[in-house]
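The values are calculated or read from the model by the stated rules, or taken from the named source; none is laboratory data. As the structure is a prediction and not an experimental result, all values here were calculated from the model. Cβ atoms come from the backbone with ideal geometry, glycine included; neighbour counts cover every protein chain shown. The area values use the complete protein model at the heavy-atom level, side chains included, leaving out ligands, DNA and RNA. Shrake-Rupley method; radii C 1.70, N 1.55, O 1.52, S 1.80 Å.
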Amino acid sequence: MPLIELQHITKTFEAGDADFKALDDVSLSIEPGEFVAIMGPSGSGKSTLMNIVGLLDRPTSGTYVLEGKPVSLKMSDREQARLRSEFVGFIFQNFNLLANVDVLENVALPALYARHPSYDRRGRAKALLQQVGLSHRLQYRPSKLSGGEKQRVAIARALMNNPKVVLADEPTGNLDSKSGKEVISILKNLNTKGTTLLLVTHSEELAAAANRIVRLKDGRIVL
Ligand code: ADP
Ligand code: MG
């Protein structure tokens, strides 16, 4: 059974008088354990697609089937947020770390939004930070970190709730090539250990690490 199945997904944005189709009849199936790279020019709908898969946004039409169950368009925002915190870990180009709390707390925070309240979230966050080589940065504020370190914090945070899929939207887009390579190697390693990975990239190097490349153009998958 696919982990993620998009069937004829369309996303329309209102743009003045005319509507604009950011996604136009996109069908895509992702098996557990796959590493899929999404590529395509700017404006082709990559982030829109990630936001729908990541339950941050909803399609205008079409069906999203998650682990065999259709995701209802009628779900409340709250229910959708709950599902998101259980299923998905996000990594963004701009890291999106909270400036006013330390590295450890940034990583541990998603556990507050998840179902299982009473476990050692700091202990788990520490272990994840160790995996990404940041045990020596636990008490640092994000502003004291390099770009590569920030993205490694974001990777640890994405793993906090043990998601079924990790989504990364241009994770190396703001990194120098050395930090980019470190991030690529961590992501690749995660996938080798079984994490399903869907990422958007302009980097041929990162795309080469994927099992499969899906190309978008004008909101459609091109072959
Ligand atoms: P990409 O990530 O491939 O650069 P996006 O998915 O961000 O592309 O955007 C695809 C198209 O949809 C763009 O033309 C963008 O301007 C438009 N778009 C994205 N989000 C919105 C929005 N919230 N409102 C209106 N138009 C949007
Ligand atoms: Mg984008």
How many nm separate the modelled label positions at Ala99 and Met75, each set 7 Å beyond the Cα in the direction of the Cβ?
3.2 nm
Go through 212-221, 14-23 and give me the packing order, highest mean Cβ count within 10 Å leading.
212-221, 14-23
Quick one: go through region 5-40 and flag any residue whose amide nitrogen is under 14 Å from the point 7 Å out along the Cα-to-Cβ line of Thr60.
9-26
Tell me which residues come under 5 Å, amide H to amide H, from Leu3 once H is placed; ignore anything under 5 positions away on its chain.
Ile30, Glu31
Rounded to a whole number, what % of the accessible area of the chain do carbon and sulfur atoms account for, probe 1.4 Å?
49 percent
Give me Rg over Rh for the chain, both radii from the alpha carbons and Rh done the Kirkwood way, two decimal places.
0.97
Looking at the calculated P(r) for region 1-59, what percent of the C-alpha pair distances fall above 17 Å?
42 percent
For region 42-59, in residue order, the Karplus 3J(HN,Hα) values (coefficients 6.51, -1.76, 1.60; θ = phi - 60°; whole Hz; Gly and Pro = x) are 4, x, 7, x, 4, 5, 4, 5, 4, 5, 6, 4, x, 6, 8, 9, 10, x
If a paramagnetic tag sat 7 Å from the Cα of Arg220 along the Cα-Cβ line, which residues of region 26-63 would have the backbone N under 20 Å from that point?
26-29, 38-50, 60-63
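With the other protein chains left in place, how much accessible area per residue, in square angstrom, belongs to the chain at a 1.4 angstrom probe?
In whole numbers, the chain has 50 Å² accessible per residue.
Let me have the 222 nm mean residue ellipticity of the chain computed from DSSP H runs of 4+ only, each contributing -39500 (n - 2.57), with the sum over all residues rounded to the nearest 500.
-9500 deg cm²/dmol
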Take the Cβ-Cβ distance between Gln7 and Lys188 as r, set R0 to 30 Å, and report the resulting FRET efficiency rounded to the nearest 0.05.
0.55
If the only charges are +1 at each Lys and Arg Cβ and -1 at each Asp and Glu Cβ, what is the size of the charge dipole of region 1-111 around the Cα centre, to the nearest 20 debye?
120 debye
Express the relative contact order of the chain as a whole percentage, based on alpha carbon pairs under 8 Å and six or more residues apart in sequence.
29 percent
Which far-off residues, 5 or more places away or on another chain, put their amide H under 5 Å from the one on Thr196, with H placed in the peptide plane?
Gly33, Val166
Holding the Cα-Cα limit at 24 Å, pick out from Lys21/Lys46; Lys164/Lys193; Lys150/Lys188; Lys164/Lys188; Lys21/Lys181; Lys74/Lys150 the pairs that are longer than that.
Lys21/Lys181; Lys74/Lys150
